[in-house]
Amino acid sequence: MNAFIGDWIDVGSIVEIPVRGARTIKTGNGEEIAIFRTSGEKVYALVNRCPHKHGPLSQGIVHGDAVACPLHNWRISLATGEALGEDKGCVPTIPVRVDAGRILISRMAMLATAAAA
Amino acid sequence: MLAPNSRERLVVIGNGMAGCRAVEEILARDPDRYSVTIFGAEPYVNYNRIMLSPVLAGEKSFDDIIINSAAWYADNGIDLVSGDPVIAIDRAERTVTAQSGRTVGYDRLLIATGSDPFIIPVPGKDLPGVISFRDMKDVDAMLAAAEGGGDAVVIGGGLLGLEAAHGLSLRGMNVTVLHLMSTLMERQLDEAAGWLLKTELESRGQTILTGADTAAIVGDGKVEGVLLKDGRTIPASLVVMAVGIKPSVALARAAGLAVGRGIQVDDHMVTSDPAVLAVGECVEHDGNVYGLVAPLWEMCRALADGLVEQPSGYRGSVTSTKLKVSGIDVFSAGDFSGGEGAEDIVLRDASRGVYKRVVVRDDRIVGAVLYGDTADGGWYFDLLKKSEDIGAIRDVLIFGQAFASGGGQADPKAAVAALSDDAEICGCNGVSKRKVVASIEGGACTLDAVRATCKASASCGSCTGIVEQLLALTLDDYDGERVAKTICKCSSFTHDDVRREIVAQDMKSIPEVMQRLSWSTPDGCSSCRPALNYYLLCAQPGVYVDDQQSRFVNERMHANIQKDGTYSVVPRMWGGLTNPRELRAIADVVEKYDAPMVKVTGGQRLDIFGIKKEDLPAVWADLNAAGMVSGHAYGKSLRTVKTCVGSEWCRFGTQDSTGLGVKVEQMSWGSWMPHKFKIAVSGCPRNCAEATIKDFGIVCVDSGYELHVGGNGGIKVRATDFLCKVATERQAMDHCAAFIQLYREEAWYLERTAPWIERVGIEHIRQRIVEDEVGREALTSRFLYSQSFSQDDPWAERAAGKDREQHAHLGEFRPLVLEAAE
Ligand code: SRM
Ligand SMILES: Cc1cc2nc3c(=O)[nH]c(=O)nc-3n(C[C@H](O)[C@H](O)[C@H](O)COP(=O)(O)OP(=O)(O)OC[C@H]3O[C@@H](n4cnc5c(N)ncnc54)[C@H](O)[C@@H]3O)c2cc1C
Ligand code: SF4
Ligand code: FES
């Protein structure tokens with residue numbers, strides 16, 4: 001099922017992610033990428049680690065283009081990875097796009113994530 | 001004037017909207033410059049493709065939608081070769097060759113081949129009866145199919161699909177729309193507008209299935225139905241595929257032109273070959289391809305400027321969309337996905353079915369979605385394109401141009417003051433401004449008093465803001481109230497208002513509540529979504545479909561998330577009782593899944609820690625096998641029923657507290673509640689089960705059962721209030737069920753029984769549960785009815801594969817390979 005499309009990696013179909021939800025990709029070094037799907041049918045990818053105390057963002061409640069971390073309810077912008085409101089902190093985002101219902105994520109960014117941490 | 005035969009030869013491939021418009025633009029600038037030949041694959045003159053929808057719907061005929069008749073070609077000396085597609089371009093020789101063999105030389109070539117419909121590669125896609133919606137031939141095929149009536153399936157709930165569905169349903173077919181996404185027209189609409197649109201189309205008799213993934217088109221020799229991936233088959237004698245388009249680039253690619261997603265052009269519509277231009281949907285400009293006509297007009301202008309006069313250059317387009325379905329007004333433009341720094345201004349008018357959302361960033365409009373009232377679409381779009389500073393009119397922007405440009409009315413209060421006395425304030429109850437003001441002057445100085453006297457703002461509440469402004473205008477010392485906490489920042493309604501309206505208006509989904517109650521955000525927030533989900537669940541047992549994404553992680557995962565992202569698992573131990581089989585199963589799970597800790601909880605059961613989300617279903621399966629079910633240690637629901645040993649063993653025990661605890665737990669487990677709920681049964685007043693700090697406590701005495709409510713051992717310790725004493729176990733259980741139901745129906749989400757009772761007073765509870773016997777019985781039976789839908793062990797469902805994806809990674813990435821988890 002997995003295909004390389006140049007610098008983009010096909011990680012699955014958009015319907016595999018619940019609307020206002022997320023799914024994760026394991027990167028092999030313990031790090032996970034969370035891929036979010038919003039009610040506006042936008043798709044975002046972030047490292048699955050809250051800037052506060054590393055909560056798994058993929059398990060938070062998604063509303064608008066933000067996710068509320070399941071551990072202490074920080075709100076994180078899906079577009080920038082930055083904490084919203086009073087809180088300060090930022091989690092890396094990964095370029096992602098959707099083509100004909102398939103989710104494609106940037107290979108370079110994935111490699112960088114897999115190498116980091 | 002150049003003689004026709006000494007003119008440059010311009011050959012156009014594609015007799016569609018862009019090709020012909022480009023020629024028109026060129027002729028307008030210099031009618032004598034080129035001798036023009038246009039090749040068209042379709043056997044027609046140039047017609048308006050976007051009007052195919054009204055033709056299908058029977059609102060227009062083909063003649064009505066012709067843009068340029070045969071006379072236009074003749075008058076302008078254009079040689080039209082229709083019904084004969086070009087099959088090759090020879091750039092070295094500068095010729096094109098058509099299917100008929102005809103070869104024509106060019107000095108300039110313009111490619112305007114448009115797009116091809118995207119056909120999803122499923123089995124059966126080539127069966128007779130499967131068509132796309134792109135040209136007149138498709139419309140003819142649909143009209144022929146519709147003659148016989150019957151069932152049609154439209155795959156794709158975008159602009160095109162919905163227009164096709166509308167047309168077919170007007171032509172008497174029974175139409176089902178299959179849409180992969182959860183929201184119709186998701187590229188143009190947000191969830192709220194999509195819900196309104198879906199509701200309207202359904203009320204017109206169409207069936208709309210969202211989240212519907214086509215597996216195959218089935219039929220023997222011709223279409224008979226569509227098979228979905230979830231196993232359902234939808235019967236159909238006609239299937240229209242309207243899932244998208246892709247630029248038609250085959251010819252250009254074969255000719256060796258630079259092609260990305262479309263034929264690549266510069267700002268003057270020139271391709272990688274200076275003699276060849278391209279325009280329309282077949283091109284890619286600055287990384288973008290377009291699927292609407294407005295950008296084509298701009299491209300054609302730039303093309304003609306570059307070719308004939310001063311090059312002006314095309315800079316890309318911002319687009320807006322409308323749906324051409326009579327009686328449904330939808331408008332959308334720009335980017336409404338929000339994101340950093342974006343602010344939503346939302347206006348909802350439930351009685352008129354209006355939803356308006358304008359997205360603003362740095363005082364500039366970046367997007368807009370309008371449903372029901374699109375009169376201001378053009379105005380917003382204009383402000384958006386010009387990137388105009390709207391800071392000064394921000395507060396009134398959403399009311400539209402007429403309102404916002406009303407000069408000194410930038411103050412909403414001034415705007416309300418300016419309303420005539422006859423202006424209707426409350427649409428639900430038909431209350432005029434005069435009546436509201438009269439009732440305020442007559443002594444109704446608060447919102448509630450206004451509601452009680454003249455009924456304004458007493459129903460849907462969307463006029464509450466205006467009524468408050470009238471209070472402020474009429475009274476000197478009114479400085480707002482609504483001390484009652486609103487449910488969250490997305491709404492001006494209190495929890496009580498929301499609960500009451502859900503029941504009164506029989507609401508059935510979260511988007512419906514948000515629309516009817518004028519939510520100020522498009523899809524709520526992490527505070528209101530779980531609350532609404534609970535209120536709907538409570539009000540509509542067996543009817544409302546739980547929204548998983550509106551639940552906190554623990555309730556979605558049926559386990560408690562820990563600080564390291566693993567989960568803890570607490571199986572139910574009825575009344576605190578256990579046995580070797582259960583203990584063995586727990587011991588086995590601890591070893592098998594390497595759980596770092598297992599602990600006796602404060603709730604008389606065992607908690608297994610450190611389980612990974614992937615392992616949860618297997619752990620549950622093992623526990624289920626030993627007869628254990630979820631303990632809901634994660635839920636806003638019944639947690640534990642603590643018991644003491646009671647009369648079975650204890651020398652002081654007066655009744656079988658253990659047995660009663662087990663029965664109570666079996667009656668009440670699984671129910672969703674505003675907050676967690678704990679019960680305890682003690683066998684005598686020594687109260688070893690700590691029943692008097694529980695939400696519902698039973699203390700057994702010789703003569704029966706003392707019932708206590710509203711205790712809390714948590715952050716703020718509160719001893720229970722005594723409710724009443726009853727004689728039998730049965731009565732104790734009935735009172736317990738009634739109390740739980742009263743709490744479920746009346747408390748605010750995330751309010752435990754202790755603060756709830758402090759708010760409403762124990763007298764209210766006594767009146768409803770003890771004094772009003774008929775009411776109590778009704779509460780009990782409503783509880784038992786709702787329990788008939790909620791006592792399915794969520795672990796067993798998951799262990800059997802339900803929501804499998806919640807526990808699986810979407811995939812795994814190792815530097816060289818990526819493997820899907822499923
Ligand atoms: C496991 C347990 C502690 C233990 O090891 O004994 C526990 C663990 C947690 N409690 Fe508790 N409470 C546990 C018994 C209690 C008790 C004792 C009892 O039930 O008799 C109380 C006081 C009684 C009461 O609720 O009135 C208690 C009062 C709280 C409170 C304060 C509630 C309040 O109304 O003030 C919270 C916070 C909350 O719910 O917002 C809380 C929250 C929590 C949370 C859910 C904290 C969190 O959000 O992560 C802990 C989850 C641990 C986990 O992942 O499993 N826990 N918690 C107990 C599980 C009982 C069970 O079998 O289900
Ligand atoms: C049913 C329908 C409703 C629509 N509604 C709207 C709307 O409301 N608003 C909006 O903005 N847009 C709408 N559109 C989209 C709009 O019609 C297109 O954006 C527009 O027609 C594109 O113009 P074009 O010239 O690039 O392509 P086309 O209009 O498709 O013209 C291309 C022409 O080239 C011909 N051709 C292709 N290959 C060859 C070849 N090798 N040789 C000769 N001829 C060839 C094709 O047969 C076709 O006639 C709608 C489209 C459809 C189908
Ligand atoms: S008392 Fe505090 S730390 Fe202990 S389990 Fe309860 S919430 Fe967690
Ligand atoms: S870890 Fe995310 S808010 Fe604390």
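Aspartates and glutamates near B:Lys60 by alpha-carbon distance under 17 Å, same-chain residues fewer than 8 away left out - which ones?
Once the sequence-local aspartates and glutamates are set aside, what remains near B:Lys60 is B:Asp135, B:Asp138, B:Asp140, B:Glu163.
Specify the angular offset, from 0 to 90 degrees and rounded to the nearest 10, of the alpha carbon long axis of helix B:17-29 from the longest principal axis of the alpha carbons in chain B.
The answer is roughly 50 degrees.
Pulled fully out, how much extra length does the chain show between B:Lys229 and B:Asp363, if you take 0.36 nm times their separation in residues and subtract their Cα-Cα distance?
Values: separation 134, 0.36 × 134 = 48.24 nm, distance 4.53 nm.
Extra length from B:Lys229 to B:Asp363 when fully extended: 43.7 nm.
Roughly speaking, what % of Cα-Cα pairs in segment B:595-719 are separated by over 21 Å, rounded to a whole number?
When every Cα pair of segment B:595-719 is considered, 45 percent fall beyond 21 Å.
Rank B:Leu397, B:Gln540, B:Cys463 by how far each Cα sits towards the positive end of the charge dipole of chain B (+1 on Lys, Arg Cβ; -1 on Asp, Glu Cβ) and give me just the farthest.
B:Gln540
Need one value for B:521-527: mean number of C-beta atoms belonging to other chains within 10 Å of its residues' C-beta atoms. Could the numbers behind the result be given before it?
Working: counts 2, 4, 8, 5, 6, 11, 4.
Shielding by partners across B:521-527 averages 6.
Which cross-chain or sequence-distant (5 or more) residues have an amide H under 5 Å from the amide H of B:Phe118, H modelled 1.01 Å from N in plane?
The list, which skips near neighbours in sequence, is B:Val243, B:Gly244, B:Ile245, B:Lys246.
With labels modelled as points extended 7 Å from the Cα through the Cβ direction, what inter-label distance (nm, one decimal) is found for B:Asp702 paired with B:Arg261?
Distance between label points: 8.5 nm.
Would you kindly calculate the translational diffusion coefficient of chain B, applying Stokes-Einstein with the Kirkwood radius from alpha carbon pairs, for 25 °C and a viscosity of 0.890 mPa s, and quote it in µm² s⁻¹ without decimals?
The diffusion coefficient I find is 77 µm²/s.
Peptides B:795-804, B:275-284, A:13-22: what's the order by average Cβ count within 10 Å, highest mean first?
B:275-284, A:13-22, B:795-804
Over all residues in A:31-39, what is the mean tally of Cβ atoms on other chains that come within 10 Å of each residue's Cβ? Spell out each step's value before the answer.
Numbers: counts 1, 5, 4, 1, 2, 0, 3, 6, 13.
Per-residue shielding by partner chains comes out at 4.
Can you compute the modelled spin-label distance between B:Asp803 and B:Leu577, with each label point 7 Å from Cα toward Cβ, in nm?
3.0 nm
Can you work out ³J(HN,Hα) from phi for every residue in segment B:710-716, in order, using Karplus 6.51 cos²θ - 1.76 cosθ + 1.60 and θ = phi - 60°, giving whole Hz and x for Gly and Pro?
Once rounded to whole Hz, the list reads x, x, 8, x, x, 3, 10.
Need the full-extension length gain, B:Asp75 to B:Glu773, defined as separation in residues times 0.36 nm minus the C-alpha distance. One decimal, nm.
Numbers: separation 698, 0.36 × 698 = 251.28 nm, distance 9.09 nm.
This chain segment gains 242.2 nm when fully extended.
Name the residues whose placed amide hydrogens come within less than 5 Å of the amide hydrogen of B:Ile38, ignoring near sequence neighbours (fewer than 5 apart) on the same chain.
Sorted by chain and number, the residues that satisfy this are B:Val12, B:Asp79, B:Leu80, B:Val81.
Relative to the present Cα-Cα distance, how much length would full extension add between B:Ala423 and B:Ser272 at 0.36 nm per residue of separation?
48.1 nm
Non-local amide H neighbours of B:Val249 (under 5 Å, H modeled in plane, Pro and chain starts lacking H): which ones?
none
Work out the length of the dipole vector of segment A:3-116 about its Cα centre, built from +1 on the beta-carbon of each Lys and Arg and -1 on the beta-carbon of each Asp and Glu, and round it to the nearest 20 debye.
Using Cβ point charges on Lys, Arg, Asp and Glu, segment A:3-116 gives about 140 debye.
Hey, can you rank B:71-84, B:45-58 by average C-beta count inside 10 Å, highest first?
Put in order of decreasing packing, that is B:45-58, B:71-84.
Count, for each residue of B:555-567, the Cβ atoms from other chains sitting within 10 Å of its Cβ, then give me the mean as a whole number.
Per residue, the number of nearby Cβ atoms from other chains is 3 on average.
Using the Karplus curve 6.51 cos²θ - 1.76 cosθ + 1.60 with θ = phi - 60°, what ³J(HN,Hα) values do you get for each residue of segment B:558-568, in whole Hz, with x for Gly and Pro?
Values, residue by residue: 6, 7, 8, 6, 10, 5, 9, x, 7, 10, 10 Hz.
I need the peptides B:37-43, A:54-60 ranked by packing, meaning the mean over residues of other C-beta atoms within 10 angstrom, with the highest value on top. Could you put the intermediate results ahead of the total?
Working: B:37-43: 20.4, A:54-60: 24.0.
Per-residue mean Cβ counts within 10 Å order the peptides as A:54-60, B:37-43.
Only Cα pairs under 8 Å and at least 6 apart count here; give the relative contact order of segment A:3-116 as a rounded whole percent.
Once divided by the residue count of segment A:3-116, the mean separation gives 26 percent.
With +1 assigned to the C-beta of every Lys and Arg and -1 to the C-beta of every Asp and Glu, and no other charges, what is the dipole magnitude of the protein assembly as shown about the Cα centre in debye, to the nearest 20? Could you put the intermediate results ahead of the total?
Numbers: 98 positive and 122 negative charges, 450 e Å.
Computed charge dipole of the protein assembly as shown: roughly 2160 debye.
Given labels modelled 7 Å from the Cα in the Cβ direction, how far is it in nm from B:Ala28 to B:Val598?
Rounded to a tenth, the inter-label distance reads 8.1 nm.
About the Cα centre of chain B, how large is the charge dipole given +1 on each Lys and Arg Cβ and -1 on each Asp and Glu Cβ? Please answer in debye to the nearest 20.
Numbers: 86 positive and 111 negative charges, 399 e Å.
Here chain B has a charge dipole of around 1920 debye.
Using 1/(1 + (r/R0)^6) with R0 = 30 angstrom and r between the beta carbons of B:Gln548 and B:Asp588, what's the FRET efficiency to the nearest 0.05?
Efficiency, from the Cβ-Cβ distance: 0.50.
Which percent of Cα pairs goes in each bin when the distances of segment A:3-116 are cut into 5 angstrom slices starting at zero?
2, 13, 25, 26, 19, 11, 4, 1, 0
Helix B:159-170 sits at what angle to the longest principal axis of chain B, using alpha carbons and giving 0 to 90 degrees rounded to 10?
That helix lies at roughly 90 degrees to the long axis.
For B:Glu388 and B:Asp84, what is the calculated FRET efficiency with R₀ set at 56 Å and r taken between the beta-carbons, to the nearest 0.05?
Result of the calculation: an efficiency of 0.70.
Considering all projection directions equally, how large on average is the shadow of the alpha-carbon convex hull of the protein assembly as shown, in square nanometres? Working shown, then result.
Values: hull surface 184.0 nm².
Mean shadow area of the hull around the Cα atoms is 46.0 nm².
Ordered by residue, what ³J(HN,Hα) values in Hz, to whole numbers, does segment A:29-34 give under the Karplus form 6.51 cos²θ - 1.76 cosθ + 1.60, where θ = phi - 60° and Gly and Pro are x?
10, x, 7, 10, 9, 9
Rule-based calculations on the coordinates, nothing more; no lab input. Keep in mind it's a predicted model, so treat the numbers as computed, not measured. Cβ atoms come from the backbone with ideal geometry, glycine included; neighbour counts cover every protein chain shown.
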